[in-house]
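J.: Okay, here's the structure, questions in a sec.
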Amino acid sequence: MSYRLILTDIAEIFTAERDNLILTGGALLIAVDSAGIIIFVGKESDFEKDEPAFRQRYHHLVISAQNRIVYPGLIDAHTHILYAQTREDEYEKKARGVSYEQIAAEGGGILNSAEKTVLASFDDLYRESEKRLLQMISYGITTVEMKSGYALTPDGEIRLLQVADALRKKYPVTILSTFLGAHAYPVEFKENHTGYIDLLINEMLPRVKEETEASFVDVFCEKGYFSVAETERIFTAAKELGFGLKLHADEFNALGGTELAAQYGALSVDHLEAVTEQGIDAMKAAGVTPVVLPITSVFSRLPYAPAQKMIEAGLPVAFATDFNPGSSMSGFLPLAASLASTQLGVSVQDALLGITTHAAHAVGLGESHGKIVKGYQGDIVVMDAQSWMYPLYHMAHNHAWKIFIKGEQVDTTAQIELNGAECDERGATHATD
Ligand SMILES: [Zn+2]
């Protein structure tokens, strides 16, 4: 057998596999083969039966977890990290209690970012997005979904998705990109929604298909943004081109977007602060993964989504950061899980499932990512803790000790230091992260 990694001396493993959720008892071992796939999870003594004297034989591949615990590589199923510049001015307004709608009416919000993003060069967008991605990897996040939607012009949106493509080429982390041209109506289409949707369907979507590696199409279905009927037009066109579907719905108002998404076989519906019973039933019947964003609720002083109610209804709820410059300026995914437990009444185990296997389902990777099980990709985080609950309990602190993607160790410190040196020259930008 040819190995890439033999991780030994593990105290506990949160496998994210329902029937065998937590392995305890110490001296556990995970082996990853040379293709990056997990081929053994269990007691060291059992591994030794097939591989006697493995420590000597494969000494160069053996890494000791030194009695720490292990999670599957974390999966952030909902981010908007592709944009230029940050929006601290709005943060100050929020602090004074100005609402999301009011900030948007004053020229802030998505259109504020769009103005800056559309003028930014590819290199600037790349550098800024890369910095955010590297921070996320250092928290133990090994799969990231990232959306366009901060340019709202054909060239600008393509450029954002190509930044995601360039990041995917450079880093081992799994990146899934989503076209969110329907994030808001650009100023020039404020009174001409049909005109923008025509542009989106006739020009943007075919170009996204042709010129980028985006997997999904998403729509912001909300009062003042995209109606259910407008969403349906976009979904129909996107589905014809073979894109997977996602939807921002029920954040402020339940318009029926969740039901529409279920009808169109969307992978996920995200936000759901105002989800209804009918919405929950529709997701359940259609196998849609709900994605809940607790950091957004805290950051933007919004009600929480009824995550526990959805879990009790049998839905596999995922938790994500929604990392974006306006409503959730954090890519620290473990915090989303800690908030799920402390604020949303979700068990620690369901909170962890929400940032691992359920999140994998939300991005269409449920059969290969998000679990520490034989046959899954060897994405593994060793947390500097002795019990599996500890990293969520000791909240808002980065416990990631060693990170492996396909069994290969990721040296995040070197990359972040490199990146940090550059940030320091631009002190103001650094200070906002
Ligand atoms: Zn979002």
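The values are calculated or read from the model by the stated rules, or taken from the named source; none is laboratory data. None of the values given here were measured: they were computed from a predicted structure. Glycine also receives a Cβ, built like all others from the backbone with ideal geometry; neighbour counts cover every protein chain displayed.
J.: Scan the range 41-52 and give yes if some residue there is without any contact (Cβ under 8 Å) to a residue 40 or more places away in the chain and in a strand (DSSP E or B), otherwise no.
T.: Scanning the range 41-52, I find at least one residue that is without any contact (Cβ under 8 Å) to a residue 40 or more places away in the chain and in a strand (DSSP E or B), so the answer is yes.
J.: While we're on this one: Which of the residues spanning the range 141-164 are under 17 Å from Ala77 (Cα atoms) and more than 13 Å from the ligand (Cβ to nearest atom)?
T.: Correct list: Ile141, Thr142, Thr143, Val144, Leu161, Ala164.
J.: Which one is surrounded by the fewest Cβ atoms within 10 Å (Cβ to Cβ), of the residues in the range 196-233 that are β-branched (Val, Ile, Thr) and away from the ligand (no atom under 16 Å from the Cβ)?
T.: By that ranking, first place goes to Val228.
J.: So, one more: Assess whether Thr194 counts as being in a strand (DSSP E or B), assigned by TED's automatic domain parsing to the domain that holds Asn324 and β-branched (Val, Ile, Thr).
T.: no
J.: Scan the range 187-195 and tell me whether some residue there is away from the ligand (no atom under 16 Å from the Cβ), surrounded by 18 or more Cβ atoms within 10 Å (Cβ to Cβ) and more than 22 Å from Met146 (Cβ to Cβ).
T.: The answer is no; no qualifying residue exists.
J.: Show the residue pairs that are 6+ apart or on different chains and have beta-carbon atoms under 8 Å apart, the first residue being within the range 136-153 and over 27 Å from Lys116 (Cα atoms), the second being small (Gly, Ala, Ser) and in a strand (DSSP E or B).
T.: Ser138/Ala400; Tyr139/Ala400; Gly140/Ala400
J.: Answer yes if at least one residue in the range 353-374 is modelled with pLDDT of 95 or more and on the phi > 0 side of the Ramachandran plot, and no otherwise.
T.: Within the range 353-374, one or more residues are modelled with pLDDT of 95 or more and on the phi > 0 side of the Ramachandran plot.
J.: Please count how many residues of the range 235-258 are buried (at least 23 other Cβ atoms within 10 Å of the Cβ) and either without any contact (Cβ under 8 Å) to a residue 12 or more places away in the chain or away from the ligand (no atom under 16 Å from the Cβ) (or both).
T.: 2
J.: Can you confirm whether the range 92-108 contains a residue that is surrounded by 24 or more Cβ atoms within 10 Å (Cβ to Cβ) and within 16 Å of the ligand (Cβ to nearest atom)?
T.: no
J.: Please go through the range 140-163 and pick out each residue that is in contact with a Leu (Cβ under 6 Å, 6 or more places away or on another chain) and either part of a strand (DSSP E or B) or among the small types (Gly, Ala, Ser) (or both).
T.: Gly140, Ile141, Glu145, Met146, Lys147, Ser148, Gly149, Ala151, listed by residue number.
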